[in-house]
Amino acid sequence: MDTKRNGRRVALLCSQVLVLTVIAVTVVAAAAQQLANQWYADPKGYFRIVPPAGWRIQEYPGDARGKVAFFGPNEVEQRVLTNAVDFDTVEELVTFCRNTESRLGLDTHIKRVSFDGRPAVERSFEVRGTKFLYIDFLVGRIAHNLAYGAPLVHYEMYLPAAKASMETYMPSSREASAQDATKHAVAKLIRIAQLMLECGNKELALECVREGLALDGANPELLRLKAETEGSPERARQATSRTEPRKEQVGVVAGLSSQVYTDPKGFFRIRPPAEWIVEEYKSEPRGKVNFNWVEGGRKAQLKLIGAANPFADFDALLQDCKNGIQAIQARWGATCEIKTTTLLGEKAVLILSSIPKLSFGQYQVQVLSGGSYYTVGYGGHDQVYDKYLSLAKLSIETLEALPRNAKPGEAQAHILASKIRIARLYTQIGKDDWALSAISEGLAIDPKNEELLQLRKRIAGQNN
């Protein structure tokens, strides 16, 4: 079968996957209540916990405190933080929480509760469309904080899973040394200063920075934050470069990770934004990965797809992209602009899209190189899109195409995988007619594909 004909609208599918990732409901409530089948043990020795099943783990090896995040679907997250403090009674813990509340200018509805037989403090509050639940308690002079957060529309759905996970929490009896306590205090002051800067409160940020420098006068991040709050970005850059070696400067100052991500399918490698969460697709025949960042309940995402090339030449790719944006405009009311650019030393297609009704923006590049077809897209909610666009572009510039020889039929297999993926997403958002269109295109390639046949049967049963 003509792979050029089979590849029609592939660019549309890749464009829509990034859009649909933001809006699709991908997990039902019953699945959300399951827990993982193994413990997560804090490498610093402060606790262990069983997280919700399938939630991605984000560790913070550079933080002196016991700290971990578990990221679920639909921008849901659960966090654990242990912190050395200078008190050991629940009354002082309540005072500590009230002081934090005053600093943030936020009513957190503080109340005393019992957690696992211990006196504890419960806090709940909403910020920018996201609802949070905090549980705080003490083990000696170690404060343990368990946090759950989710967009309001998903909060109740995943709350049982988060609570079930919290019930498995087992703190250790480890006590903090004086050195640990200092490191924990500095880490906390850095985090508060960063939060205050995000909120535009430079005065309080500077107060935290100065308090931190009194404990650790050579701390490079505190010096950078001090320069940022007192003066220009150039001063902040100079402060960091004086105290950090060049290797760290790449990851911190440029905003990119100190490690290169290599696609396990062998299509590409890239240096992603630092600390963005990696989401792989191991069952996909294509090379595919997302790098996700959630801020204030709003998601930014960098997505990469490497596949066997289904196009005859650049002109065929360009025409396919033009056809694709017409469909996106019709289906989503998007405003789109298409340009030519350069990536991997090759002529490439640049697509700029905005979907006002979803408050969503997208920057996407598609290119053919070395017999492979690459789609690199950055997208996010309007509240975070512009903030991280430059960082995403910088990451895209580090993309490298890996040499590989396409196997016979590989292009068709990759096209089929994209049809299946897009059909699933369409059904999840209730667009059965769009799903049936993608299913028909997939069955034209593989008429006996069981997954597509089952999807079609399921849709037909729902509509009868």
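Could you please give the count of residues in the range 35-94 that are small (G, A, S), more than 22 Å from K163 (Cα to Cα), surrounded by 16 or more Cβ atoms within 10 Å (Cβ to Cβ) and without any contact (Cβ under 8 Å) to a residue 40 or more places away in the chain?
Residues that pass the stated criteria total 0.
Looking for something part of a strand (DSSP E or B) and at pLDDT below 85 - is there at least one such residue anywhere in the range 124-134?
Yes.
Return the pair list, or none, for Cβ contacts closer than 8 Å from residues in the range 206-231 that are crowded, with 21+ Cβ neighbours inside 10 Å to residues that are not in a helix (DSSP H, G or I), at least 6 apart or on different chains.
Filtered contacts from the range 206-231: G212/N219; L222/D216.
So is P73 within 25 Å of M157 (Cα to Cα) and either part of a loop (DSSP other than H, G, I, E, B) or of a type outside the set (G, A, S) (or both) or not?
Taking the combined requirement at face value, the residue satisfies it.
Which residue is modelled with the highest pLDDT, if the candidates are limited to the range 95-112 and must be surrounded by 12 or more Cβ atoms within 10 Å (Cβ to Cβ) and more than 18 Å from V127 (Cα to Cα)?
Checking each candidate, the answer is R112.
Here is a list of conditions, (1) under 30 Å from T398 (Cβ atoms); (2) outside any helix (DSSP H, G or I); (3) modelled with pLDDT of 75 or more, and A254 meets all of them except one; can you say which number that is?
A254 satisfies all of (1) under 30 Å from T398 (Cβ atoms); (2) outside any helix (DSSP H, G or I); (3) modelled with pLDDT of 75 or more except (3).
Across the range 324-339, what is the total count of residues that are surrounded by fewer than 16 Cβ atoms within 10 Å (Cβ to Cβ) and in a loop (DSSP other than H, G, I, E, B)?
Within the range 324-339, residues that are surrounded by fewer than 16 Cβ atoms within 10 Å (Cβ to Cβ) and in a loop (DSSP other than H, G, I, E, B) number 1.
Condition first: at pLDDT below 90 and more than 27 Å from the chain's Cα centre (by Cα). Now tell me which residues in the range 343-362 satisfy that.
Once the filter is applied, which keeps residues that are at pLDDT below 90 and more than 27 Å from the chain's Cα centre (by Cα), the range 343-362 yields G345, E346.
Under 7 Å by Cβ, and 6 or more places apart or on different chains, what pairs join a residue from the range 438-454 that is in the same structural domain as A423 (by TED's automatic domain parsing) and closer than 17 Å to R424 by Cα with one that is charged (D, E, K, R) and assigned to a helix (DSSP H, G or I)?
These pairs meet every condition: A438/K419; I439/R456; E441/K419; G442/K419.
If we keep just the residues of the range 202-229 that are charged (D, E, K, R) and out of contact with any helix residue (DSSP H, G or I) (no Cβ under 7 Å at 6 or more places or on another chain), which is modelled with the highest pLDDT?
Checked the range 202-229; the qualifying residue modelled with the highest pLDDT is R210.
Return yes when F87 is among the aromatic types (F, W, Y) and modelled with pLDDT of 90 or more and no when it is not.
no
Can you tell me how many residues within the range 377-402 are among the β-branched types (V, I, T) and either over 16 Å from the mean Cα position of the chain (by Cα) or not assigned by TED's automatic domain parsing to the domain that holds K357 (or both)?
So the count comes out to 2.
Search the range 384-412 for residues being among the aliphatic types (A, V, I, L, M) and modelled with pLDDT under 75, and hand back the single one that is surrounded by the most Cβ atoms within 10 Å (Cβ to Cβ).
The qualifying residue surrounded by the most Cβ atoms within 10 Å (Cβ to Cβ) is A411.
Go through G54, G66, G45 for me and flag whichever is in the same structural domain as H154 (by TED's automatic domain parsing), at pLDDT 85 or above and within 23 Å of E156 (Cα to Cα).
From the options G54, G66, G45, the qualifying one is G54.
The values are calculated or read from the model by the stated rules, or taken from the named source; none is laboratory data. Not measured: the values here are computed from a predicted model. For neighbour counting, all protein chains shown are included, and Cβ atoms are generated from backbone atoms with ideal geometry for every residue, glycine included.
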